[in-house]
Amino acid sequence: MLRRMRWLTDGDGRWELDAETPATMEGTARPVPGDPLPLGLSRGPRVTRPKQLDFFHRFMASPLVPSFSASREGLSVHHAHLLHLAHNWSFTILEQIHVPKLVSVVKEKLANRQEGASWSNDIKKHLHDVMSIGVGTELLITPDTTLLLELYNINKGDRGKAIFHHKAKHLDAFKLLLPHQNLTLEASWPGLFVDKKGVYWDVPLSLSADLASVGSSSGLSYHLLLQQNSGEPKCFGGETNDAPIALLPGLCAKAAISIKKSIDIWRKKEDKLKGVQPYDVFLSDSHVSFTSIVGAVASGYLGDCSRSVSIQDETQKSNAFRMFDERNKFAAFADLFASVTFTAQYGNFQRLFLDLTRASARFDISSGSLFLCGASRLAQDFFFSRRPELETFCDVCPDVVVSLQQQIVGPFSFRVESSVTIDPRSQDRFVRVDDSVFAIDWALKVLGSAKATAWYSPKHQEAMVELRFFEA
């Protein structure tokens, strides 16, 4: 799945988090690193898929949790067994049943009835095709340090992942107090990536080290990333051979820094019901606000992946720093980026009906240098009374993502998120709505701010049920 179904002002702003996906048992895929945006930089904290399933089993009376991926196995159901071996050590067994294959086995059994042949023996014979097994173990080394090892499809020997995560309390650098840092070391074999078209790619071995400041409402944020890919990427579940160059073997180093500022234009707290807890504490105030982010990203490449910088694209027309040494397979790139998000909410999410209406729109400038060049040309055309070219308008048009949430009844709300493409060159549709995702959220009131989300993407024909904590 290409989106996280998070509100646009949440988390780390411009940084891309892992995308939720029903394509594999692990449930996540990393965005393909792309320029000039710092894609793939963030390794935001996340509840692992086995723990999500265990929560559904224990507290939401859901012994089987469904997911759907038209390009893979179709409808699947998941179950997890979580065992606590010690107070800081847990072990998980994850089961995935492929429903279409199970139905096919049952139909074949009914069509070919044989005397003396038992159902159990027939199911056991096809168990390898019907069910996938995964195991995982998590060790809490300290309250802020965890080590996670996961193996998926162990009956087929397909996938594995090891993650070391440490949360530092504070870091005082250059007299700037950055209160929380996340350090993540990860090895995946293979690493699953997803590109902008929704195509999944497997990299045989992917190693990464990421240091990131935890986002806040305002202030300085940074990301540092080292990533090593080994082996030729292969299309996961498809026939496409044109792999993204950024996934080719090589070492990538990235650094990004940004300044974030959030301002409340209007906020109302007076209409809250006394003694009534809202369904979500992060959605309890009517308000209008905006958040702006301005930053810069620099990246260096060594190996075959360095060819991604030499590709001709729109940023070639800008003043972005770009260097490519084909002989030594080295490249460097640097650019600016910016983002502005407007959010409006009416309602306190306390009453039973229609007490929450929330809309948000994010405007992203992916290449600051390209935007400045386009704005400069437009200013010159206006000053000299010249007719601007359509290409110039395209250079200053931002990427737009809009979201809308509406309470249905009680803790249930409907949510939709769509990307909006503005293309002055198109004679048919100047504005095009694309890549919509629809979701039903069930706010878990007793946890303060948590929700179970069931989402569906018509474009990619994917659906999933997942659990989210502390997201507005």
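Any read-out appearing in this document is the output of simple, stated calculations on the displayed coordinates, not a laboratory observation. What you are looking at is a predicted structure, and each value in this text was computed from that prediction instead of being measured. Cβ: placed from backbone, ideal geometry, glycine included. Neighbour counts: every protein chain shown.
Numerical summary
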item	result
Residue-span extension gain [residue 71 to residue 400] - 0.36 nm each, minus C-alpha spacing	115.7 nm
Sites residue 261 and residue 108, calculated FRET efficiency, Cβ-Cβ separation with R0 56 Å, nearest 0.05	0.35
Cα→Cβ-extended label distance, 7 Å offset, between residue 166 and residue 140, nm	1.9
When each of 167/459; 51/269; 197/260; 197/261; 51/167; 101/459 is checked by Cα-Cα distance, pairs over 26 Å	167/459; 51/269; 197/260; 197/261
Residue 386/residue 425 FRET efficiency (R0 22 Å; Cβ-Cβ; nearest 0.05)	0.75
Cα-based shape type of region 345-472, given that a ≥ b ≥ c are square roots of the gyration tensor eigenvalues and the cut on a/c is 1.5	prolate
Trypsin sites (Lys or Arg not before Pro) restricted to region 283-375 and DSSP loop, no more than 11 other C-beta within 10 Å	327
